[in-house]
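The values are calculated or read from the model by the stated rules, or taken from the named source; none is laboratory data. Worth saying up front: this structure is predicted, and the values here are computed from it rather than measured. Glycine gets a Cβ as well: all are built from the backbone with ideal geometry, and neighbour counts include every protein chain shown. Surface accessibility is based on the protein's heavy atoms, side chains included, excluding ligands, DNA and RNA. Shrake-Rupley method; radii C 1.70, N 1.55, O 1.52, S 1.80 Å.
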Amino acid sequence: MTRNVGIGVIAMGWMGMTHSRAYQQIVHRFPQSDLTPRLVICADSEPSRTDEAVQRFGFERTTSDWRAVLADADVEVVSITAPNGLHREMCLAAFDAGKHVFCEKPVGRCPAETLEIAAAARDSGVHTFTGFCYRWSPVVQELKKLIEDGRLGDLTHYRGRFFCGYGHNPYRVLSWRFQKEHAGFGVLGDLMSHTLDMALMLAGPISEVVSQQETFTPQRPLPSSTGTHFSEQSGGPVGPVSNEDYVGAMVRFSGGARGTLEACRVIAGSDCEHAFELNGTRGAARWNFERMNELELFLDDAHPDQPGYARLQTRPQYPHHADFNPGGSVGLGYEDLMTIEVHEFLRGVVEDRSVEPGLDQMARVAAVQDAMARSWESRTWEAVAAAVAE
Ligand SMILES: NC(=O)c1ccc[n+]([C@@H]2O[C@H](COP(=O)([O-])OP(=O)(O)OC[C@H]3O[C@@H](n4cnc5c(N)ncnc54)[C@H](O)[C@@H]3O)[C@@H](O)[C@H]2O)c1
């Protein structure tokens, strides 16, 4: 029998719209789950955004007061897709209201805030989830299985990066993302969260880091109206960028691998280069979201006399591919990864079990971010504290 799940979405910017679309896709992509998300209510401080959400997705109600979403008895699950600076208050209120919460990364403005929110979630007993969408690419999930099965041997090297040049153009406005007050950290929270989730998922815990940061574009145009980080403006007043554009780190994994991680939002040339290369004692792999349906893979045992990478295309045998397409090489896109993640979360909610990545995984990421930020001050290696009792 179909299980209806009442959904509330708080903040209808890019992610609010994307989450809403993803919830709607569940009935089409995962009919076997018999889950029917019901878009009950959405909130945004800009009425034009909620009007648009009603038109596009058919929300039953709208509000400019996000607390009304949490007070709504028909809402079981809440997506929190507001700017980072609002997440703490919204999450804590949602836990108090007994709602299950999907909060977008990086959850808190700083690692301490993220850890506080994750601890409160644990105490409240609600189910939580966070938006590490890239991990759901079928080829990445297939690689994860190969690593877990030992096909690549012991991992020795990991190089992760997220070069997403949304701020490369200096006329892109001073949106909330570039302001410490609203975003908290810059790319340490925004992009490095994704890089770290992928690294921790594939290569295991990180024990020590040494890190550096830089702000290459110190000021940006003040937006004349509400704008996103994709809005451009020139000729008017400018304001200071108050968080970092770039973070780089050398890392030591507890399992023995050594690696580097980098993230930058002003880099030239790369639009959404969320990528990794990893090497083990018996194999190697590399992936780049810009070609998210491809995986380059080398396995000693597959081609012992032919060293070199094979280029694999996504195919129905890989996790989740067949939910979208019956044919090999008929690829998925970014929003399909969002559909997979909201489906994973809602299944966990209706089956009353925790699913990864929840706020505990976000806490593991935050613990590494905390060590990176400490290293900027100490200019030396910093140990990563345990974030979650494992
Ligand atoms: N997982 C991913 O790939 C991914 C991608 C982009 C953004 N994000 C995360 O999603 C979150 C939102 O980012 P975005 O790009 O959608 O932002 P955005 O700027 O596009 O949208 C933010 C929305 O919040 C609304 N808002 C602001 N104050 C509000 C309030 N008090 N009450 C209700 N609504 C309010 C704004 O009007 C706007 O519609 C951030 O935490 C970001 O890090 C995740």
Q. Over the chain, what is the percentage of antiparallel beta bridges among all DSSP beta bridges, to the nearest 5?
A. 60
**Q.** Mean residue ellipticity (222 nm) of the chain, computed from DSSP H runs ≥ 4 via -39,500 (n - 2.57), nearest 500
**A.** -10000 deg cm²/dmol
Q. Across region 155-164, in residue order, what do the Karplus-derived ³J(HN,Hα) couplings come to in whole Hz, using 6.51 cos²θ - 1.76 cosθ + 1.60 with θ = phi - 60° and x for Gly and Pro?
A. 5, 10, 9, 9, 10, x, 8, 9, 9, 10
Q: In whole angstrom, note down how far apart the Cα centers of region 265-339 and region 40-76 are.
A: 37
(Q) Multiplying the sequence separation of HIS303 and GLN212 by 0.36 nm and subtracting their Cα-Cα distance, what value in nm do you get? (A) 28.8 nm
Q) Mind listing the phi-derived Karplus ³J(HN,Hα) values for region 318-327, rounded to whole Hz, using 6.51, -1.76 and 1.60 with θ = phi - 60°, and x for any glycine or proline? A) 7, x, 6, 4, 5, 5, 10, 8, x, x
(Q) With a 1.4 Å probe and all protein chains left in place, how much of the accessible area of region 3-133 comes from carbon and sulfur atoms, in whole percent? (A) 46
Q. To the nearest 20 debye, what charge dipole does the chain have about its Cα centre, counting +1 at the Cβ of each Lys and Arg and -1 at the Cβ of each Asp and Glu?
A. 340
Q. Roughly how big is region 3-133's charge dipole about its Cα centre, with Cβ charges of +1 (Lys, Arg) and -1 (Asp, Glu), in debye to the nearest 20?
A. 360
Q) Once amide H atoms are placed 1.01 Å from N in the peptide plane, what residues at a sequence separation of 5 or more from LEU35, or on another chain, have their amide H within under 5 Å of its amide H? A) ARG3
Q. With point charges of +1 on the Cβ of Lys and Arg and -1 on the Cβ of Asp and Glu, referenced to the Cα centre of the chain, which listed residue (ASN169, ASN325, GLY184) lies farthest in the positive direction of the dipole?
A. ASN169
Q: Send over a whole-number figure in Å² for the accessible area per residue of the chain, probe 1.4 Å.
A: 41
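Quick check: with the 1.4 Å probe, what order do GLU232, GLU382, GLU214 take by accessible area, largest first? Write out the running numbers ahead of the final one.
Working: GLU232 110, GLU382 35, GLU214 85 Å².
Output order, biggest surface exposure first: GLU232, GLU214, GLU382.
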**Q.** Amide H within-cut-off set for PHE163, under 5 Å, with H built and near neighbours excluded
**A.** CYS264, GLU273, HIS274, ALA275
Q. Tell me, what ³J(HN,Hα) does each residue in region 241-252 have, in order and in whole Hz, if you take phi through Karplus 6.51 cos²θ - 1.76 cosθ + 1.60 with θ = phi - 60° and put x for Gly and Pro?
A. 7, 10, 9, 7, 8, 9, 9, x, 8, 9, 9, 10
Q. With every protein chain kept in the model, how would you rank THR128, THR314 by accessible area, 1.4 Å probe, largest at the top?
A. THR128, THR314
